[in-house]
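Everything on this sheet refers to the single structure shown next.
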Amino acid sequence: MYTMQSWTCIFLIICSMQSVCHCCDWIRHHYGHLSAEYLSLLDQMGGDITKQDAPVFFPTSLYRHIDDAEFEDKVRFLKETIYQITKLFDGNMKSVTWDKKNLDDFLNILERQLENLNSCVSPAMKPERRLKRYFKKLNKKVLRKMNYSAQAWELIRKETKRHLQRLDILAAQMY
């Protein structure tokens with residue numbers, strides 16, 4: 001015979017499984033579409049992507065590590081990376097010469113992607129510290145050090161594109 005506490009646990013487990021299933025379906029059917037949209041807008045909002053390298057190394061090892069992680073950790077990584085990108089774009093953008101409508105559309109779609117990923121991740125799950133540190137360095141060594149110049153923003157656009165493309169690969173491997 002089940003107690004009220006047992007039924008509560010069973011209910012929470014079923015809800016959690018439904019949430020993961022909903023998340024699987026959403027990533028499978030919608031993530032790639034939104035991703036293609038914001039990658040296209042990222043290309044369209046400015047000229048050619050700069051060939052200059054950012055003074056912060058791309059965190060390839062983090063992506064290699066997350067490739068072997070559990071589904072929930074991958075979703076958390078997707079969410080955290082997109083969150084960190086949105087934080088970068090929340091800075092002083094006065095010197096940016098990008099197409100305003102494409103920039104706004106890009107940011108709105110990123111926010112939509114973030115909202116959907118947030119619904120898949122438990123708030124109790126801690127973000128990846130190394131990822132957070134990487135984006136903090138990117139902000140400090142590119143945006144702030146280069147005084148939020150147009151050149152700094154072009155480097156951020158290039159790094160953002162690299163991350164979003166890598167997240168696409170990660171999401172595709174999840175199903």
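When a/c is below 1.5 the answer is rounded, else prolate if a/b is larger than b/c, else oblate, so apply that to segment 102-175 with a ≥ b ≥ c taken from the square roots of the Cα gyration tensor eigenvalues.
Numbers: a/c = 1.89, a/b = 1.49, b/c = 1.27.
Prolate, because a/c is 1.5 or more and a/b exceeds b/c.
Between helix 100-118 and the chain, what is the angle of the helix's C-alpha long axis to the longest principal axis, kept within 0 to 90° and rounded to the nearest 10?
The helix 100-118 is inclined about 20 degrees to the chain.
Give, rounded to the nearest 20 debye, the magnitude of the charge dipole that the chain has about its Cα centre when Lys and Arg contribute +1 at Cβ and Asp and Glu contribute -1 at Cβ.
The calculated dipole for the chain is roughly 960 debye.
In terms of the ratio Rg/(2.2 N^0.38 Å) built on C-alpha atoms, what value belongs to the chain?
Output field value: 1.16.
Under 4 °C and 1.567 mPa s, how fast does segment 31-70 diffuse according to Stokes-Einstein, given a Kirkwood radius computed over C-alpha pairs? Answer in µm²/s, whole number.
For these conditions, the coefficient is 100 µm²/s.
Which angle between 0 and 90 degrees, to the nearest 10, do you get for helix 32-44 versus the longest principal axis of the chain when only C-alpha atoms count?
It works out to around 10 degrees.
Could you point to the residue in SER40, ASN147, TYR63 farthest towards the positive end of the chain's charge dipole, with +1 and -1 charges on the Cβ of Lys/Arg and Asp/Glu respectively?
The one lying farthest along the dipole's positive direction is ASN147.
Going through segment 76-175, which trypsin sites (Lys or Arg not before Pro) have at most 12 other Cβ atoms within 10 Å and a DSSP loop state?
Loop-located and lightly packed - LYS94, LYS145.
To test your reading of the geometry: what angle, between 0 and 90 degrees and rounded to tens, separates the Cα axis of helix 150-172 from the longest principal axis of the chain?
Between helix and principal axis, roughly 30 degrees.
Could you name the lysines whose alpha carbon sits less than 30 Å from that of LYS101, not counting residues in the same chain fewer than 8 places away?
LYS51, LYS79, LYS87, LYS132, LYS136, LYS137, LYS140, LYS141, LYS145, LYS158, LYS161
A short reminder: the numbers here are calculations on the coordinates, not readings from a lab. Quick caveat, the model's predicted, so the values are computed rather than measured. All Cβ positions, glycine included, derive from the backbone under ideal geometry; neighbour counts span all protein chains shown.
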